[in-house]
Amino acid sequence: MRMIRFCALAAALAFSANARAQEGSEPVDRSQYASREILPDPTAGPCKETDRHKLTQINGNLYRHVLVPLTGPSGLVLITSEGAVVVDSEGTCAARFLLEDIKNRFHVPVKYLILSHAHFDHIAGSQVFQQAGAIVIAHKNAVEPIVGERLPAAVPDRVFDKQLTINLGGETVVLTRVAPSHSNSMIMSYFPKYKALDCPDVCRGDTLPYQDLHDMYYDGWIKTVRWILKQDVTFIDTGHDTANLPQQQVHLDYMIDLHDQILAQVRQGRQWEEMFRNVHFSEKVKSFRNFDNATMNMLGMYRWVVEHQRGEY
């Protein structure tokens with residue numbers, strides 16, 4: 001009888017934790033996508049040692065996973081007595097390694113997988129966690145591209161709009177959708193106890209944004225970085241690297257300056273062939289290890305400015 005009561009109590013506590021974690025979100029009817037067409041998964045294997053992740057402790061129960069020897073994709077992992085919360089997956093093979101590592105090292109299941117945004121390099125392998133019982137959470141705008149682009153990844157179990165707080169095993173994760181930025185499904189994952197933020201692709205650690213700023217929403221990007229600068233943060237995972245808060249001010253200044261220079265030249269009637277030779281960068285930006293990506297950044301910003309300029313037409 002005591003054993004029955006104990007099991008009933010444990011089940012009730014688990015249900016309560018799940019209910020608290022899911023307040024503010026809504027379920028996705030995944031059955032309607034059960035027979036959806038899916039593209040081949042380039043990360044499915046055969047798995048090799050280079051698919052193995054590195055799981056490094058940041059502080060207390062907070063860890064960071066990253067593919068080795070590559071610099072990403074990466075994400076934060078929170079270990080609690082009731083299970084783990086993982087931000088993003090690393091590919092199907094790497095997800096299998098990570099799931100096994102969490103189970104063997106900490107003896108807990110992955111309770112929640114957070115999809116930061118619906119770009120395949122960050123959500124590949126998410127189905128591994130879902131099949132193992134994890135609840136996959138994303139912004140509501142993530143469902144359409146996952147299904148529409150036929151991505152071989154998990155369709156989220158639950159979605160939210162503005163903000164969602166996960167309370168699990170005495171730990172807290174706050175998910176916030178600030179604005180469309182690097183995709184219209186981007187969310188920030190904040191771990192208040194550790195002053196840590198998972199900010200994939202939007203935050204930078206003295207590097208330029210990737211290539212031609214693909215899937216960029218400029219106004220929302222600026223709004224998001226300004227929001228980040230107001231947070232109590234000492235550690236940032238950028239989805240491929242690590243960073244700190246002062247570096248985000250440098251990044252903000254870079255994005256605004258690049259935008260304003262290109263907008264001014266467009267208004268002067270200059271075409272791309274002349275324009276890209278007349279954009280100037282600070283010595284700080286020139287020192288970035290991927291400064292050779294500057295021309296692609298200029299091209300992406302030029303496209304955004306031209307598409308959103310409201311002059312004579």
Revision key, fill the gap. (1) at pLDDT below 95; (2) closer than 16 Å to Gln131 by Cβ; (3) assigned to a strand (DSSP E or B) all hold for Lys111 apart from (1)
Review point. Are there any pairs with C-beta distances below 8 angstrom linking a residue in region 81-107 that is surrounded by fewer than 24 Cβ atoms within 10 Å (Cβ to Cβ) and among the charged types (D, E, K, R) to a residue that is at pLDDT below 95 and not in a loop (DSSP other than H, G, I, E, B), with the two at least 6 apart or on different chains, and if so which?
Key: Glu82/Ala14; Glu82/Ala17; Asp101/His53; Asp101/Leu55; Arg105/Leu55
Review point. What pairs come up if the first residue lies in region 24-52 and is of a type in the set (Lys, Arg), the second is part of a loop (DSSP other than H, G, I, E, B) and modelled with pLDDT under 95, and their beta carbons are under 8 Å apart, counting only those six or more places apart or on different chains?
Key: Arg52/Val68
Check your understanding: Can Asp237 be described as touching an Asp or Glu at 6+ places or on another chain (Cβ under 7 Å) and either at pLDDT 95 or above or of a type in the set (Phe, Trp, Tyr) (or both)?
Key -> yes
Review point. Among Arg310, Arg267, Arg289, Arg277, which is the only one that is touching a residue at least 40 places away in the same chain (Cβ under 8 Å), over 21 Å from Asp201 (Cβ atoms) and loosely packed, with under 14 Cβ neighbours inside 10 Å?
Key: Arg267
**Study point:** Residue check for Pro156: more than 24 Å from Asn59 (Cα to Cα) and either in contact with a Phe, Trp or Tyr (Cβ under 9 Å, 6 or more places away or on another chain) or of a type in the set (S, T, N, Q) (or both)
**Key:** no
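Tell me which residues, restricted to region 75-107, are assigned to a helix (DSSP H, G or I) and either among the hydrophobic types (A, V, I, L, M, F, W, C) or touching a Phe, Trp or Tyr at 6+ places or on another chain (Cβ under 7 Å) (or both).
Of the residues in region 75-107, the ones assigned to a helix (DSSP H, G or I) are 92-106.
Listed by number, the residues that qualify are Cys93, Ala94, Ala95, Phe97, Leu98, Leu99, Ile102, Phe106.
Given region 156-198, what strands (runs of 3 or more DSSP E) lie entirely inside it while holding 1 or more residues that are buried (at least 23 other Cβ atoms within 10 Å of the Cβ)? Walk me through how you get there before you give the answer.
Values: elements: 158-160, 163-168, 171-176, 188-191, 196-198.
Those strands (runs of 3 or more DSSP E) span 163-168, 171-176, 188-191, 196-198.
The values are calculated or read from the model by the stated rules, or taken from the named source; none is laboratory data. Model, not experiment: these values are computed from the prediction. With ideal geometry, Cβ positions are generated from the backbone for all residues, glycine too; neighbour counts draw on all protein chains shown.
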